[in-house]
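Just below is one structure, and these are the notes that go with it.
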Amino acid sequence: MRGKVYLVGAGPGDPELLTLRAMRVLQEAEVVLYDRLVAPAVLELANPLAQRVYAGKELGQQECVQSEIFRQLLFHARAGRKVVRLKGGDPMVYGRGGEEWAFLAGEGVEVEVVPGVSSALALPGLAGIPLTLRGVAGGFSVLSGHAQGGSLPELAPYARSDTLVILMGVKERVRIARELLRLGRSPQEPIAFIEKGSTPQERVVVATLGQVAAGELEVQSPAVWIIGQVVRLRERLHPASVLQEAQLKTLSIAETVR
Ligand SMILES: C[S@@+](CC[C@H](N)C(=O)[O-])C[C@H]1O[C@@H](n2cnc3c(N)ncnc32)[C@H](O)[C@@H]1O
């Protein structure tokens, strides 16, 4: 019997955002190799008899973990098993899905991709921030804020997009914001960070690009960072949350004064 590997997107966190296909292959899986950003509530939906293998990458050990993932995928597929490679969001968006598929194809292993709801697309919308809006934003760019060997990714090709969505940008947010200002974006431009989106711990921080550049913002990873005029829509589409955030801010200011 030949095994098969399913490259499955787990969505941003809320299990209700899984696709039907993802749900079905999870329930039929014999092995599930899952990433750090896969929500426990999604993992709970997998076949209870499936072997679960944690394949999360901590900083600094990405490459050796990746070769171990290749090894495990191959081992289980060659043993004739149904293997689910479960990744946060969509497996083809900063998820190394392409590399894993290429490796398995080179080894003659059958692969099926099950797309997932990417945090880049879903979380802004859920928070009342449409990525495009007629007359405000005609398009958007999704980019990585991960610094490689201390250097920021090149931002110039994307800096003029109406809306920017930055993944993995929390750590380098101050440097990224300063670089975007240098490239011509306005310090008054509204921005939002959505932390742990679509989970019960979700938190949305709204500010300006200038405030990020000045190092004034506390943000926790993982977060999706949106930059652009569309952020203003949140006030209209999610007024209750905006009010609650404002009350929280007033509270913490009052506590500081006290
Ligand atoms: C390695 S990338 C993987 C992206 C994923 N494949 C996707 O399509 O959403 C990890 C980054 O995605 C973003 N991310 C993923 N899930 C998130 C969530 N629930 N809340 C906020 N950000 C999230 C963060 O920017 C995080 O640093």
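Within segment 230-239, is there a residue that is in contact with a strand residue (DSSP E or B) (Cβ under 6 Å, 6 or more places away or on another chain) and in a strand (DSSP E or B)? Spell out the reasoning first.
Restricting attention to segment 230-239, the residues satisfying the condition of being in contact with a strand residue (DSSP E or B) (Cβ under 6 Å, 6 or more places away or on another chain) are 230-232.
Within this subset, residues satisfying the condition of being in a strand (DSSP E or B) are none.
No, segment 230-239 contains no residue that is in contact with a strand residue (DSSP E or B) (Cβ under 6 Å, 6 or more places away or on another chain) and in a strand (DSSP E or B).
Note on segment 91-124: residues that are within 13 Å of the ligand (Cβ to nearest atom), of a type outside the set (D, E, K, R) and in a helix (DSSP H, G or I) amount to 8.
Is it true that Arg96 is surrounded by fewer than 15 Cβ atoms within 10 Å (Cβ to Cβ), under 22 Å from the mean Cα position of the chain (by Cα) and not small (Gly, Ala, Ser)? Working first, answer last.
Numbers: surrounded by fewer than 15 Cβ atoms within 10 Å (Cβ to Cβ): no; under 22 Å from the mean Cα position of the chain (by Cα): yes; not small (Gly, Ala, Ser): yes.
So Arg96 does not fit the description; no.
Scanning segment 65-90 for residues that are touching a Gly at 6+ places or on another chain (Cβ under 6 Å) and not in a helix (DSSP H, G or I) yields Gly80, Arg81, Lys87, Gly89, Asp90.
So in segment 77-89, with the set limited to residues that are surrounded by 21 or more Cβ atoms within 10 Å (Cβ to Cβ) and under 17 Å from Leu43 (Cβ atoms), which one is farthest from the chain's Cα centre (by Cα)? The extreme case among them is Val83. Residue count for segment 116-174 satisfying the condition of being surrounded by 15 or more Cβ atoms within 10 Å (Cβ to Cβ) and more than 19 Å from the chain's Cα centre (by Cα): 5. Filtered by the rule that a residue be within 16 Å of the ligand (Cβ to nearest atom) and in contact with a Leu (Cβ under 6 Å, 6 or more places away or on another chain), segment 148-165 gives Tyr158, Thr163.
Selection within segment 211-258: residues that are among the charged types (D, E, K, R) and within 24 Å of Pro187 (Cβ to Cβ). The member of this set that is modelled with the lowest pLDDT is Lys249.
The values are calculated or read from the model by the stated rules, or taken from the named source; none is laboratory data. Just so you know, these numbers come straight off a predicted model, no measurement behind them. Neighbour counts are summed over all protein chains in view; Cβ atoms, including those assigned to glycine, are modelled from backbone coordinates with ideal geometry.
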